[in-house]
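Below you'll find the structure, written out as structure tokens, and then a few comments.
What follows draws every value from the coordinates through simple rules; no lab data is involved. The structure presented is a predicted model; accordingly, all values stated were derived computationally and were not measured. Virtual Cβ from ideal backbone geometry, glycine too; neighbours counted across all protein chains shown.
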């Protein structure tokens, strides 16, 4: 019986091999395209370049398979592959595993002193407020103490947004315009901003005007100066401005939205909600996947399972 090989790349969205064993299942396509095929199962661990040998196939035109890859803590990835005889067939798609946010128990993040000056300034100039009971643990804290109190979800959110805001190609490196934190949750943060930021975004070719009606201002603030969203297809930054009605201070509600979702390994990855809010771990995956070569949009933390 004729056979062919399949060469496939395996990694998470950062290009790192996954630690758990990966199961690869090949099932022949139904009907004529699957002629000559047989089910094949293999497994591997700790590799990014895997060659599967001896896959049965039809001589000449080859055999069409559906290839599925699965591993612990990550979403299954599937694609179609034509296997032709007597050759190393390069996979039609690289396997890029996206995390299951619900499996994440924490993150490994930089210590406070290793953060950039812009991020440390946001914490050092913080004036944290509480709108709900969940916010009370941060009131009165600033600097390294505030960073420690953030916990994994809020810390991931902030590092996601900071990574996006410092990215010159998609947001023009606007992080330097953030002055001090006011409120932070797992899907957004509110912060004091420089008065020049609205005009900077208004003039930038990287941003477009956006609806502000879904963004509630902080108590004592009114929406002002508009809302702007980066022009990315996915993982786009939105900055919605508001002004303190008494002091005139300008602030902003800042978040990242993965947009409408993307086709990924024949699955549509959409907004994963956790406690009715966007999960920051999924936002990290969207960001990392946006630049799979240079990883300039990968936030500086990893997952703990």
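Worth a mention:
- Based on C-alpha pairs under 8 angstrom that are at least 6 apart in sequence, region 214-261 has a relative contact order of 35 percent.
- Against the chain, whose longest principal axis is taken from its Cα atoms, helix 151-165 shows a tilt of about 90°.
- Exposure proxy order (Cβ contacts within 10 Å, fewest to most) of 105, 278: 105, 278
- The chain: relative contact order in percent, alpha carbon pairs under 8 Å with at least 6 residues between: 16
- Estimated from helices alone, the mean residue ellipticity of the chain at 222 nm is -4500 deg cm²/dmol (sum of -39500 (n - 2.57) over DSSP H runs with n ≥ 4, per residue).
- Centre-to-centre, using Cα atoms only, region 58-115 and region 165-240 are separated by 34 Å.
- Cα-based helix-to-principal-axis angle, 280-290 vs the chain, degrees rounded to 10: 60
- Cβ crowding within 10 Å, taken as a proxy for footprinting-reagent exposure, orders 304, 107 from fewest neighbours to most as 304, 107.
- Across all C-alpha atoms in the chain, the radius of gyration and Dmax reach 23.2, 81 Å.
- Based on Cα contacts under 8 Å between residues 6+ apart, region 177-251 shows a relative contact order of 25 percent.
- GNM result for the chain, Cα springs below 10 Å: residue of 173, 160, 279 fluctuating most strongly: 173
- Ascending count of other beta-carbon atoms within 10 Å, so fewest first, for 166, 139, 95, 13: 139, 166, 13, 95
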